[in-house]
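Contents: one structure, followed by commentary.
Each reported figure results from applying straightforward, stated rules to the coordinates on display, with no laboratory input. Bear in mind the structure is a predicted one, so any value in this text is a computation, not a measurement. Here Cβ is always computed from backbone atoms with ideal geometry, including for glycine, and neighbour counts include all displayed protein chains.
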Amino acid sequence: MKRVDSSRANGMNPQRRDWLTRRRIRYRLPAPRHRAGRNLSHDEGHRRVARSDGFMTGRLVRNTMASATAGLSVMFGGFLSTVLVARMLGVEAAGIVAFATWVVTVSIVVADLGTPGTLSRYLPELLARGDQAQAAGVTRHLFRWPGLIATLLLIGFVGYGTAIGVGSGAVESGSARIRTDVVFWILVGVACVVQTAANYVNGYLRGAQGFARMARLALLSAVLQVVATALGGWFFGANGALAGAIAIGLLPSLLLPGILSRRGTLSPELRRRVDRFTFETWLGYVGTAFAWSRMEIFFLERSWGAESVALFSVSLTLANLATQGPLLLTGGLLPYLSEQSGVNAGEKIRDAYAIGTRLIAFLVLPACFGAAAIAPVLVPAIYGNAFAGAVPTAVLLVAGAGFSAASSVGVTYLLAMERTRFVFLTGGISAILVVVVGFTVVPAFGLLGAAVARVAIQIAVVIARVWYIHRSLKTPTPYASLARILLAASVCALAAWSCTRLIDGVAALAVAIPVGALAYGVAVRIFHALPRSDYERLERAFGVLPSAIRIPAVTVLRLLCS
């Protein structure tokens, strides 16, 4: 009997059938069902692809919103704790707490070995394939060294504090107290252990797509941090305020035993990939910690004392406050890009990079430029007149942070493509430059020199990152849109600054902020800062928000879209 090709019999040529098969494999669609002897129609194939893309986009938006909630909770918890210490204990005590925070931050980078980023990179890929055993194997395999190093750090800090505190009497100087107080170093060691465990748990939750649970934990932890900082500072001064650094990681770390109790397997090939990614990412993170994680505080404390540390820390806190909100919207991006990398969806990854870069710049540049413009009024209003000396530094750091934050999607893109060597290279060079600046510029020029050098290094790294992505990954950056966004953000800053010059005191803030926002909206519409497709994507993304937030947000978007 002559064999009949069913695809031809049903009006589908072999080329179209092969196209549908490739699309099904690429997007992990289920195999077509044959009903009444017919194959999957062309329109049905398109509908299934659309449903797959819609599901992916919806999940990305939900994960991003939950990640943003978690990050905002941590950010505002840290910010409120800083304000409480500054208002309750003064400049010197604020400098002591800021120095402790820096020590804990750098120690965590050393202790966690970049494993939270590795979990965020590989767990989505494994779980998308349904490989639960290997996912559990990766989780257990990665924790061995961070657990050991965190324990050694605790022992080291306790031993160091005990050794230098023997025979030392009570001192009044903030810098001398940092160097000789046994309790200070014990609290720093405990904070390192707790926060290392919490970072590992958060990396696991990101990789396992548990963003909602992570958001709830972060919200509760932020409340606990503020309460612990206030009570500890009230009763025990600067050392007591360090209780907040321990409280912020307490709740997530309680989940660690349950996560590590799941047994699994790990193939030699995957082990090699994971270990290489972890090592190279960690080296990059170490360099980044020196470049971005307040390394200048170490040199300022040695050369200029605790008060300069407090002023510089206040400036950096304001910069983080301006940038972290928009940056938190990238929290769900790495797992999403990792999934797409696993199914070889190269074009979707490049589109996500361009779209993400435009949208983050759209949010972060006006926030940074506007905050820099009102910093002369904002800093004393938040921290008190004793911190007015931080204003010039804050203006520089907040404005410069906008450029670095706008390129954050590029880092996520590089990690998703496993280009960790470039991250390591730029981080290492940045670390060397910061150390050179710390030994030369900071002792001579103090706060202002540290701020100028930091901004220059950040901008140089951004340029190198964009060049590498364009040249090596063949992925262009949307320069034209970024230029228009930058111009609109400058209009926002000029309008806000004009209000602070015309109106005296804190009342200027009530006028400058809405005027700056209005000026930015008008400039965005006039300059056509974003393509219409981006507005449509944002409007669809806002569909997951409550109506009380969604309706005004969509209204504003439609006004901005010319």
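What order do you get for 441-448, 366-373 when each peptide is scored by the mean count of other beta carbon atoms within 10 Å, highest first? All intermediate terms of the calculation are to be shown ahead of the outcome.
Details: 441-448: 16.6, 366-373: 26.4.
Ranking the peptides 441-448, 366-373 by packing returns 366-373, 441-448.
Expressed as a whole percent, how much of the Cα-Cα distance distribution for the stretch 62-266 exceeds 29 Å?
Values: 6017 of 20910 pairs.
That fraction is 29 percent.
If packing is taken as the average number of other Cβ atoms within 10 Å across a peptide's residues, how do 485-496, 502-513 rank, most packed first?
485-496, 502-513
Show me 120-129, 466-475 ranked by packing, highest mean number of other Cβ atoms within 10 Å first.
On the way: 120-129: 21.9, 466-475: 15.2.
Ranked by mean Cβ neighbours within 10 Å, highest first: 120-129, 466-475.
State, as an integer percentage, the relative contact order of the stretch 62-266 based on alpha-carbon contacts under 8 Å between residues 6 or more apart. Write down the numbers at each step before the final one.
Values: 303 pairs, mean separation 72.3, N = 205.
With pairs under 8 Å counted, the relative contact order is 35 percent.
Within the set of other residues whose C-beta is less than 9 Å from the C-beta of Arg140, count the net charge using Lys and Arg as +1 and Asp and Glu as -1. Write out the running numbers ahead of the final one.
Details: positive: Arg144, Arg262, Arg263; negative: none.
Its environment carries a net charge of +3.
Under 12 Å from the Cβ of Pro478, count the other residues' Cβ atoms, weight Lys and Arg +1, Asp and Glu -1, and hand me the total.
Values: positive: Arg350, Arg358, Arg484; negative: Asp351, Asp534.
Net charge in that neighbourhood comes out at +1.
Using only the alpha carbon atoms of the stretch 92-158, find the Kirkwood hydrodynamic radius as the inverse mean reciprocal pair distance, in angstroms to one decimal.
Hydrodynamic radius (Kirkwood, Cα only) of the stretch 92-158 equals 13.8 Å.
Report the label-to-label distance for Ser303 and Trp234 in nanometres (one decimal), using points 7 Å from each Cα along the Cα→Cβ vector.
Taking the two extended label points, one gets 4.0 nm.
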